[in-house]
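Shown next, in structure tokens, is the structure this report addresses.
The values are calculated or read from the model by the stated rules, or taken from the named source; none is laboratory data. Predicted model only: the values in this text are computed from it and were never measured. Cβ coordinates were reconstructed from backbone atoms using ideal geometry, including for glycine residues, and neighbour counts include every protein chain displayed. Protein only, heavy atoms only, side chains kept; ligands, DNA and RNA dropped before computing areas. Shrake-Rupley method; radii C 1.70, N 1.55, O 1.52, S 1.80 Å.
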Amino acid sequence: VVSRVMFSSKTDQHSTPLDFFMELDAEFGFDVDVCALESNAKCNVYFGPDHWDPAHRDGLERPWSTYGRADKAHAAVCWMNPPYGRTIGLWMQKALDESRKGATVVCLVPERTDTRWWHETVIAGGAEVRFVRGRLKFGSAKHAAPFPSAVVIFRPPESA
Ligand SMILES: C[S@@+](CC[C@H](N)C(=O)[O-])C[C@H]1O[C@@H](n2cnc3c(N)ncnc32)[C@H](O)[C@@H]1O
């Protein structure tokens, strides 16, 4: 058994409040949670470091747009609440890239409009931004987060 501790860095585990996710899921109908653990995955199909299939352990290395359900005419609709540390820019770039391949990617990220990643992905990609009112309480946290959040939506070019 691989230790859970190995997968949990503080900045990594901002598990989405369920009611917040459910509302977005009702609107978008997510096919795949692209960064998760088995314990916090929001979709049956997920990528994460504890996945039983080694090929599904690194979401940054997987194609996303091909994960749409077989009965759907469109590419995958992806949920992405990425690790909030240094790799966040890589995740946002991947989200933008996958949307250009046909995926719809809905991201929950800290609202950091001064960062390089925000400018190079959210702004440069012309994404829709929904600023979250108030502060979210992630996972089992007692207190609300010390930072504001935003939902960023990258859509495929043809739907723009
Ligand atoms: C902010 S949490 C989001 C958890 C959950 N998907 C949710 O929305 O509540 C980010 C997750 O990304 C996972 N993660 C870290 N690196 C990853 C990688 N390379 N591929 C897939 N998942 C990764 C972490 O283990 C963590 O569970």
C-alpha center-to-center spacing [segment 14-61, segment 128-160] in angstrom: 15 Å
When the accessible area of the chain is computed with all protein chains present and a 1.4 Å probe, what percentage of it is carbon and sulfur? 53 percent
Sorted by average packing, counted as other Cβ atoms within 10 angstrom per residue and highest first, what order do 92-98, 30-36 take? 30-36, 92-98
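Solvent-accessible area per residue for the chain at a 1.4 Å probe radius, Å²? Kindly include the intermediate steps, with their values, before the conclusion.
Working: 8960 Å² over 160 residues.
I get 56 Å² per residue for this part.
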Would you kindly state how much longer the chain becomes between Arg130 and Arg112 on full extension, computed as 0.36 nm times their sequence separation minus their alpha carbon distance, in nm to one decimal? 5.2 nm
Can you work out ³J(HN,Hα) from phi for every residue in segment 130-138, in order, using Karplus 6.51 cos²θ - 1.76 cosθ + 1.60 and θ = phi - 60°, giving whole Hz and x for Gly and Pro? 10, 7, 7, 7, x, 10, 7, 9, 7
When the distances between all Cα atoms of the chain are binned every 10 Å from zero, what whole-number percent does each bin get? 11, 42, 38, 9, 0
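How big is Rg to Rh over segment 67-138, alpha-carbon atoms, Rh as the Kirkwood inverse-mean-distance radius?
Values: Rg = 13.1 Å, Rh = 13.2 Å.
Result for segment 67-138 is an Rg/Rh of 0.99.
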Could you go through segment 12-28 in sequence order and give the Karplus-derived ³J(HN,Hα) for each residue, using 6.51 cos²θ - 1.76 cosθ + 1.60 with θ = phi - 60°, rounded to whole Hz, and x for Gly and Pro? 8, 10, 7, 4, 5, x, 4, 5, 5, 5, 4, 5, 5, 5, 5, 7, 9
Under 5 Å from the placed amide H of Ala150, counting only residues 5+ away or on other chains, we find Val109, Glu111, Val132
Please sort 117-129, 133-145 by packing, taking for each peptide the average over its residues of neighbouring beta carbons within 10 angstrom, highest first. 117-129, 133-145
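From the protein chains alone at 1.4 Å, what is the descending order of accessible area for Asp58, Asp53, largest first? Walk me through the numbers on the way to the answer.
Values: Asp58 65, Asp53 35 Å².
So the residues, ranked largest to smallest area, are Asp58, Asp53.
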